[in-house]
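I have placed the structure first, in the form of structure tokens, so that the comments after it can refer back to it.
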């Protein structure tokens, strides 16, 4: 997820971190916003 899906989402949404974060949260995933690029918490 962190190495394949999130980079694809970031590319698709032109690095709009807020939009990708909202998508991940709506999918029930917890985002670790202290890291770049975005990662979900394990």
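In table form, for the structure just shown:
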quantity	calculated
Those residues of the stretch 23-42 which are in a helix (DSSP H, G or I), exposed (fewer than 13 other Cβ atoms within 10 Å of the Cβ) and either at pLDDT below 95 or under 10 Å from the mean Cα position of the chain (by Cα) (or both), in sequence order	25
Test result for residue 9, touching a helix residue (DSSP H, G or I) at 6+ places or on another chain (Cβ under 6 Å), in a helix (DSSP H, G or I) and surrounded by 10 or more Cβ atoms within 10 Å (Cβ to Cβ)	yes
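The values are calculated or read from the model by the stated rules, or taken from the named source; none is laboratory data. Worth saying up front: this structure is predicted, and the values here are computed from it rather than measured. We place every Cβ from the backbone using ideal geometry, glycine too, and count neighbours over all the protein chains shown.
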